[in-house]
Amino acid sequence: MASSTVRSHRPASHPGLRRGETASGWLFTAPMLILLGLFLVVPVLMALWVSVSDWGGRGSPFSGGVSFVGLKNYAALLLGGGLAEADFGMSLKNNAWYVLLVVPCQTALSLFLAVLVNRQILKGRGFFRTAFYFPSVTSSVAITVLFLFLFSTTGAVNAALGWLGINGPNWLNDPSGILHFGATSGPAALTENSFLGVSYWDWIGGPSVAMCVYIIMAIFTTSGTFMLLFLAALQNISGEVQEAAMMDGANGWQRFWRVTLPQLRPTLFTVLTLGLIGCWQIFDQIYTGTRGQPAKTTITPAYQSYQSSFLNQEWGQGAAIAFILFVIIIVFTLVQRWALRDRLVSRRRNRPYAEAAERAAARAASVKDDRTPTTEGAPR
């Protein structure tokens, strides 16, 4: 009887990996992982501990004299009813209006500039691309100082408005909300009720005149960067798609709205996300400029976190503000991702396309039948 040979079946290794490649990969990435762990993960965990402790800024936050206080620092900001809650509510109000105005405006402006410099008929496209992008690579401190000079009482902006017969405001010292339209008081239902220590009247009043300077500056300095992202996406769109839309009779606006813009959705999501994160983290412009004044109408959560920690020595509240801001950014990013997700076309909207496809198929079948030779009367 023939003896059966026993063969050992070893598990097949991954076809894309050779022996030792996995270890080599971990070895090459180990320095970066160690650096990220030491300078990113560990500080974040330390800040999280500070936000739930009573550390006073001296010594190690892990020493025996530091006690765990739970959510006390968060409660002081959200439910305390004191100055900390009022300042935090004012910073959220200022930053919310800042985000609401900056993100749509900078996105629309950057897309407009990208479409403009992408046109083949535009002469000197390289010059315009450089000119639009140049403010983005300039130091934010230098840009802030420049805007403080331009929007001063005797600055170039008020001088230009004076030529038009308009008496310019005292931009950097005017705390009034632009949506109050000069009114100093509002209805009792809005002034007597509040959220996070800020009255409803102030919440709906819009950004202050001083905050508008930072809004204009942000739109001016960030649109160039996002213009390059849109420009790269536009250049990746095939010209055949545009030609097909032109053959179907679509005009310029229809081609942009129905053909170009849907293909820019991934880039649009990137631009909106980066703009959202950057707007919620505004700090250096406020620190260089008004430092929260006038009347705290330009204070932001990022600047308040610095102020609470380094100036007021309330390190727990400063760290708590940072983590609340982190949660806000995450929530807004998730909402934005949900809003820009790919949606299935409903049956009602898809019905005209299905009917057109059926008619085209029927016409093609009829043409094929007409071209098919008949066999009647043919000799056998």
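Taken together, the residues in region 214-243 that are of a type in the set (S, T, N, Q), in a helix (DSSP H, G or I) and over 20 Å from the mean Cα position of the chain (by Cα) amount to 2.
Looking across 211, 246, one residue alone is part of a helix (DSSP H, G or I) and farther than 22 Å from residue 146 by Cα. It is 246. Of the residues making up region 72-93, those that are closer than 15 Å to residue 319 by Cα, surrounded by fewer than 18 Cβ atoms within 10 Å (Cβ to Cβ) and more than 26 Å from the chain's Cα centre (by Cα) are 72, 75.
Taking helices (runs of 4 or more DSSP H) as the structural unit, those lying wholly within region 262-365 and holding at least 2 residues that are of a type in the set (Ser, Thr, Tyr), closer than 17 Å to residue 96 by Cβ and at pLDDT 90 or above correspond to 301-306.
Residues that are surrounded by 20 or more Cβ atoms within 10 Å (Cβ to Cβ) and modelled with pLDDT under 95 are absent from region 56-71. Within region 41-58, the residues that satisfy the criterion of being part of a helix (DSSP H, G or I) and farther than 14 Å from residue 326 by Cα are 41, 42, 43, 46, 49, 50.
The single condition among (1) closer than 30 Å to residue 78 by Cα; (2) in a helix (DSSP H, G or I); (3) among the polar types (S, T, N, Q) that residue 184 does not meet is (2). Taken over region 108-123, the criterion of being part of a helix (DSSP H, G or I), in contact with a helix residue (DSSP H, G or I) (Cβ under 6 Å, 6 or more places away or on another chain) and surrounded by fewer than 21 Cβ atoms within 10 Å (Cβ to Cβ) is satisfied by 109 alone.
Each row is one residue, and each column tells you yes or no for (1) closer than 13 Å to residue 220 by Cα; (2) touching a residue at least 40 places away in the same chain (Cβ under 8 Å); (3) of a type in the set (Lys, Arg).
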| residue | (1), (2), (3) |
| --- | --- |
| 123 | no, no, yes |
| 140 | yes, yes, no |
| 144 | yes, yes, no |
| 148 | no, yes, no |
| 151 | no, yes, no |
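The values are calculated or read from the model by the stated rules, or taken from the named source; none is laboratory data. Note that this is a predicted model, so its numbers are computed, not measured. Glycine also receives a Cβ, built like all others from the backbone with ideal geometry; neighbour counts cover every protein chain displayed.
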